[in-house]
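Written out below as structure tokens is the structure these notes cover.
Values in this text are rule-based calculations from the coordinates and carry no lab data. Nothing here was measured: the structure is a model prediction, and the numbers come from that model. Counting neighbours? That spans all protein chains shown, and the Cβs are built from the backbone with ideal geometry, glycine included.
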Amino acid sequence: MTQEIERHEWTQAVAGRLQRKSRTEELNSCIRWEGAMRQTQPNAPKYSYMKVQLPDSHTKKSMRVHVLAYLVANIRLRDVLLSKDKGFDISHLCHHSLCINLEHLIAEDRALNNLRKACTRSGRCLRYGGHRECLL
């Protein structure tokens, strides 16, 4: 029972931090992170990061904010979501790397996430059969 209480308190605290550092964009309904962000390579998308101490952990970890937002909403899947061998990513269906709107995020195969980059280049969803469409 105490583990459930700890996870609930953690999700409430992190959700509050996410909400305080983001704003909703009227045009596309993205919830844009306005906190710290970085770009790993020129012409690469910027991603946002937040340092958090996960429940049942004694160390802080820097995590991409969109992954953290998905984790907060799906805390029961924590071990799966944080596994090094998970083989999937948290994709942005809206193609905005700073968006943390849960309706725009989906856990999907890493290969599909990479295929979606072609949707961004073409400016339309290329509809990968049986998967959710992009929000372009």
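List of remarks:
- Length, then width, then depth: along the principal axes, the Cα atoms of segment 1-120 run 45, 32, 25 Å.
- Debye, to nearest 20: dipole size of the chain, +1 on Lys, Arg Cβ, -1 on Asp, Glu Cβ: 520 debye
- The order of the peptides 72-81, 92-101, 124-133, 38-47 by mean Cβ neighbours within 10 Å, most packed first, is 92-101, 72-81, 124-133, 38-47.
- For the chain, calculated [θ]222 nm from helices alone, where every DSSP H run of n ≥ 4 adds -39500 (n - 2.57): -9500 deg cm²/dmol
- Centre-to-centre, using Cα atoms only, segment 11-73 and segment 90-121 are separated by 15 Å.
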